[in-house]
Amino acid sequence: GEPPGGAARRRANRARSPEGSVEADEWRDDAVVAPLGPSLLTRVLAFGFGVACLIHLRLNPRQALPTVKTARDLEDMRVAGEMAARVIEHLEGVIGPGVTTGEIDAAAAAFIRDELHGASAAPLHYGGVTGGALWQLGAPGEALCASAHLASHALRVALGLVAAVLGARLPPALLPALCGFPASVCISVNDVVCHGVPRAHQALRAGDLVNVDVTVTSTRHGGAHGDSSKCWLIAGPLLDTVSPGDEAAEVALVAETTRATGAAGGRRAALALAARAALFKGIATAHPGVTLGEVCAAVEAEASRRGFASVTAFRGHGIGRRFHEPPFLVHAAPRRDDDKATRAAAATVLRPGMVITLEPMLNAGGPEVIVGVDGWTVRTADGSDSAQWEHTVAIGDTVAGTRVRAGGDGGVSGSRDHEGPAVEVLTRRKGEVVKSQ
């Protein structure tokens, strides 16, 4: 309908028009009725998008080349790595049958806040456009973050339902969450490969395979990060009490797990032990002068030898005062059809002072994965189980301290011997067995 007084305004416009043209009438009528036309709206939206991108880049800076850490950097990262290990050690007493993944996340968040002074959980709000900025505002910002999370995820679910009805597939990145990852740790259960979002209603059951991925940043140590993850078999024995690659001990552990949790639990334990062995094959291979491609080929070879597939869609990475730094490494041997960035990373020659995460993800079925409508949770495409272990490692023996050194049998051992190539596991946990005695 026409707004009140529209005819009078049109007559006035025609009287003022030099030629009384239709075009002049239409232009003036639009100017009166719709002063905020599409052109101005487009500019406003473009400006808002540009500001959001600048905030995102500020919170998630990029760099082009791998960094070689100084002795001070490594000292700071050692502290951050120890913090991450302590969080996982604390969760040993929390994880069990009937506990929800939301409760595990809350326990990790409380431990970081109350026990690790000057530390914070790096995953919380990671990847968000505005989450980090809002969080700095204190309680009001936290409330805004919570509201943005609810609105963003509700919209994702609604669009996902509409897409399902229409037979379409909703791109996971269609609506990036405003505040980023909504929890302090990633918790992945059974067929979840990585980036599992903790849920208040998701209770663990006997035989479940659970991975908790912890990244801590220490503001007291220049923002250094420590990144590590571990698998648990619920109601079964601990899986890191045998040496990685000691297959006789692994067989006994799988048998014990089967007796305690059933056949499915035993199969999951075998998968988790294979992922751990693949991780330590990579650690044993990593030393100065070796390429990342060689390290990752060793990881994939161990996975394939045991009959499992190494996921290539998600990668390990450099780490330091930023959560994710180059190089970004695929846990698989280099291939002819790799893209340019993947080939460049595989060709990276390890140098003393480089720090990377090795975090192989092994699937019981194929390597393909899918990302859920929440934009975070990654599952196996075929519904098979998945397992992951992770450590942050420093290349070369450039600083004093206990190292995990490559042994002649391809295993690893703790040592203070500074001779020969070595890597230092910055996130090694107390009681973690890395070599048969």
Practice prompt. For the stretch 356-392, enumerate the residues that are under 15 Å from residue 315 (Cβ atoms) and of a type in the set (Val, Ile, Thr).
Written response: 356, 357, 369, 371, 378, 392
Worksheet item: Which residue out of 271, 253 is closer than 21 Å to residue 365 by Cα and not in a loop (DSSP other than H, G, I, E, B)?
Response: 271
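For the stretch 158-192, give me each residue that is at pLDDT 75 or above and more than 27 Å from residue 215 (Cα to Cα). Working first, answer last.
Taking the stretch 158-192 and keeping what is at pLDDT 75 or above, we get 158-159, 161-167, 180-192.
Selection gives 158, 159, 161, 162, 163, 164, 165, 166, 167.
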Discussion item. Suppose the filter is under 21 Å from residue 316 (Cα atoms), open to solvent by less than 10 Å² (accessible area, probe 1.4 Å), at pLDDT below 95 and not aromatic (Phe, Trp, Tyr); does residue 404 pass it?
Written reply: yes
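Which residue is least open to solvent (accessible area, probe 1.4 Å), if the candidates are limited to the stretch 363-385 and must be charged (D, E, K, R) and closer than 19 Å to residue 186 by Cβ? Steps first, please.
Quick first cut of the stretch 363-385, residues charged (D, E, K, R) only: 368, 374, 379, 382, 385.
From the residues that got through so far, the ones that are closer than 19 Å to residue 186 by Cβ too are 374, 379, 385.
Working: 374: 19, 379: 97, 385: 37 Å².
Only one residue fits best here, namely 374.
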Worksheet item: So which residues in the stretch 325-353 are over 19 Å from residue 298 (Cα atoms) and crowded, with 20+ Cβ neighbours inside 10 Å?
Response: 325
Worksheet item: Can residue 284 be described as open to solvent by less than 40 Å² (accessible area, probe 1.4 Å), at pLDDT 95 or above and either of a type in the set (Lys, Arg) or not in a loop (DSSP other than H, G, I, E, B) (or both)?
Response: no
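Would you mind stating whether residue 264 is buried (at least 23 other Cβ atoms within 10 Å of the Cβ) and either of a type in the set (Gly, Ala, Ser) or closer than 15 Å to residue 393 by Cβ (or both)?
no
Would it be correct to say that residue 237 is open to solvent by 10 Å² or more (accessible area, probe 1.4 Å), outside any helix (DSSP H, G or I), of a type outside the set (Val, Ile, Thr) and modelled with pLDDT under 95? If you could, list the steps in order and put the result at the bottom.
Working: open to solvent by 10 Å² or more (accessible area, probe 1.4 Å): yes; outside any helix (DSSP H, G or I): yes; of a type outside the set (Val, Ile, Thr): yes; modelled with pLDDT under 95: no.
So residue 237 does not fit the description; no.
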Worksheet item: Within the stretch 192-226, which residues are among the hydroxyl-bearing types (Ser, Thr, Tyr) and open to solvent by 10 Å² or more (accessible area, probe 1.4 Å)?
Response: 217, 219
Fill in: Selection within the stretch 329-358 - in a strand (DSSP E or B) and among the hydrophobic types (A, V, I, L, M, F, W, C)
329, 349, 355, 356, 358
Worksheet item: Does residue 242 meet the test of being in a loop (DSSP other than H, G, I, E, B), open to solvent by 10 Å² or more (accessible area, probe 1.4 Å), of a type in the set (A, V, I, L, M, F, W, C) and at pLDDT 75 or above?
Response: yes
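Taking the criterion of being β-branched (Val, Ile, Thr) and more than 14 Å from residue 233 (Cα to Cα), would at least one residue in the stretch 257-270 satisfy it? Quick ask: steps written out before the conclusion?
Looking only at the stretch 257-270, we keep the residues that are β-branched (Val, Ile, Thr), and these are 257-258, 261.
In the following step, the residues that additionally are more than 14 Å from residue 233 (Cα to Cα) were identified as none.
No; the residues of the stretch 257-270 include none that is β-branched (Val, Ile, Thr) and more than 14 Å from residue 233 (Cα to Cα).
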Worksheet entry | Options 307, 365: the member that is on the phi > 0 side of the Ramachandran plot and either in contact with a strand residue (DSSP E or B) (Cβ under 7 Å, 6 or more places away or on another chain) or assigned to a loop (DSSP other than H, G, I, E, B) (or both) | 307
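Every residue, every condition in (1) within 13 Å of the chain's Cα centre (by Cα); (2) within 20 Å of residue 126 (Cα to Cα), yes or no:
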| site | (1), (2) |
| --- | --- |
| 319 | yes, yes |
| 334 | no, no |
| 354 | no, no |
| 362 | no, no |
| 372 | no, yes |
| 378 | yes, yes |
| 382 | no, no |
| 387 | no, no |
| 393 | no, no |
Discussion item. For the list (1) out of contact with any Cys (no Cβ under 7 Å at 6 or more places or on another chain); (2) touching a residue at least 40 places away in the same chain (Cβ under 8 Å), I need the number of the one condition that residue 272 fails.
Written reply: (1)
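The values are calculated or read from the model by the stated rules, or taken from the named source; none is laboratory data. Here the structure is a predicted model, which is why all the values come from computation and not from measurement. All Cβ positions, even for glycine, are placed from backbone atoms using ideal geometry, and neighbour counts span all protein chains on display. Surface accessibility is based on the protein's heavy atoms, side chains included, excluding ligands, DNA and RNA. Shrake-Rupley method; radii C 1.70, N 1.55, O 1.52, S 1.80 Å.
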